[in-house]
Amino acid sequence: MNENILVTGGTGYIGSHTTVQLMEAGYDVVIIDNLSNSNVNVLDGIEAITGKRPAFFEGDCTDMKTLRRMFEQNPGIKGIINFAASKAVGESVHKPILYYRNNLGTLLNLLECMPEFGVKGIVFSSSCTVYGEPDNNPIDETAPIKPATSPYGNTKQISEEIIRDVITSGAPIKSILLRYFNPIGAHPSAKIGELPLGVPQNLVPYITQTAAGIRKELTVFGDDYNTPDGSCIRDFIDVNDLAKAHVIAMKRMLDSDDHDKLEVFNLGTGCGLSVLQLINAFESATGVKVPYKIGPRREGDIEKIWADPKKANEVLGWTAETPITDTMANAWRWQESLKN
Ligand code: WQD
């Protein structure tokens with residue numbers, strides 16, 4: 001029987017792409033999602049790609065009774081990948097209690113259930129936001145954790161500390177923390193992709209919606225930064241490459257006890273790209289112009305951050321390999337598919 005993996009937030013953007021990769025690697029997947037920021041139709045996309053529908057349990061992980069019922073109805077879960085969290089930096093500044101209750105409550109409930117239901121390990125969806133504004137780039141896992149610049153970023157930092165403390169306490173579990181840089185793009189089949197509700201906060205969905213004529217023009221938040229073209233620099237990583245790293249991490253955690261019980265990996269390409277460079281990459285990949293204007297800086301934005309992915313490359317044997325033009329072409333194909 002295939003190993004059963006729980007994917008919390010599995011109908012979300014990174015969760016759905018990771019579910020596809022897990023299933024294609026031979027795992028059985030159970031998704032729990034409260035559908036607060038995703039659509040149940042994502043399951044159709046996953047099935048169209050893999051030929052199999054993952055088990056789905058609609059529920060909120062912050063409710064312990066619901067979570068226990070999910071584990072009871074889906075016995076034999078060996079590993080968890082925890083994506084379920086609120087993730088809008090700006091929103092978290094205005095709704096801190098919602099973010100702490102949701103993101104920390106979910107994690108605490110999962111950690112409490114793991115020994116009870118024989119779950120061996122948890123892969124945690126962390127973020128480069130834990131580093132704040134780095135002193136130097138590229139940034140590796142030994143870089144200092146700086147005070148968070150938002151409640152969202154703080155929930156990621158606190159979550160990492162909670163996992164560390166639970167493992168130090170002797171709980172019979174393991175964990176791998178994956179610190180993402182900027183996940184972008186969509187599955188090449190255009191059956192799943194990023195589905196922001198309302199006005200997109202993130203850059204790439206705003207680019208594709210502008211290119212599709214849904215938005216009038218993109219605002220580039222500042223071109224007066226200390227960077228070659230004045231716009232911010234990020235490490236944009238293809239979501240399919242990111243998803244593959246989760247499968248490798250899960251296999252490492254479940255198949256061997258030779259590693260530390262807690263490991264941390266930065267997941268990025270190692271290349272910094274500016275906002276303006278990304279717009280150019282989209283236009284050259286698709287031949288579609290993106291009307292934009294330069295606007296004021298966005299509060300809380302980091303000037304430049306990109307990863308040193310050496311540890312993930314060497315220890316996990318994983319490398320982000322999708323060319324940015326392919327990623328942009330996939331994002332555009334997904335946006336176009338939404339018209340149907
Ligand atoms: C990228 C750049 C903006 C929109 C986000 C999440 C963070 C993490 C990584 C999960 C910035 C600029 C954006 C627009 C713009 N996610 N921009 N116009 O803020 O780097 O990080 O993804 O862990 O939690 O916040 O991503 O896509 O919002 O912005 O100029 O309309 O694009 O100023 O420089 P960010 P983003």
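Read-outs: derived from the displayed coordinates by stated rules, not from any lab. Note that the structure is predicted; figures quoted are calculated from it, not measured. Don't worry about glycine lacking a Cβ; one is built from the backbone with ideal geometry, like all the others, and counts go over all protein chains shown.
A few notes on this one:
- Taking Glu263, Glu299, Glu112 in turn, the Gaussian network model of the chain (Cα-Cα springs below 10 Å) assigns the largest fluctuation to Glu299.
- Label zone at Ile294, where the point sits 7 Å out along the Cα-to-Cβ direction: segment 217-235 residues whose backbone N lies under 17 Å: 218-233
- Between 0 and 90 degrees, the angle of helix 275-286 with respect to the longest Cα principal axis of the chain falls at about 90 degrees.
- Within the listed set Pro188, Pro205, Pro296, the residue fluctuating most in the Gaussian network model of the chain (springs between alpha-carbon atoms under 10 angstrom) is Pro296.
- Cα centroid separation - segment 168-200 against segment 28-58, whole Å: 15 Å
- Most mobile listed residue (Asn102, Asn202, Asn266) in the chain, GNM with C-alpha springs under 10 Å: Asn202
- Gap separating the Cα centres of segment 67-136 and segment 213-284, nearest whole Å: 20 Å
- The simple spin-label model puts a point 7 Å past each Cα toward its Cβ; for Asp140 and Asp63 those points are separated by 4.6 nm.
- Point-to-point label distance, Ile97-Asn41, nm (Cα→Cβ direction, 7 Å offset): 3.5 nm
- Near Arg68: Cβ cut-off under 13 Å, other residues only, Lys/Arg at +1 and Asp/Glu at -1. The net charge is -3.
- The stretch between Glu161 and Glu24, if pulled fully straight at 0.36 nm per residue, gains 46.1 nm over its current Cα-Cα span.
- Label zone at Arg53 (point 7 Å along Cα-to-Cβ), backbone N below 12 Å, segment 31-46: 41-46
- For the pair Asn226 and Asp258, a Förster radius of 35 Å applied to the C-beta separation gives a FRET efficiency near 0.20, rounded to the nearest 0.05.
- Using R0 = 22 Å, the C-beta based FRET efficiency linking Lys310 and Ser284 works out to 0.15.
- Taking Cα centre as origin and charging only the Cβ of basic (Lys, Arg, +1) and acidic (Asp, Glu, -1) residues, the dipole magnitude of the chain rounds to 640 debye.
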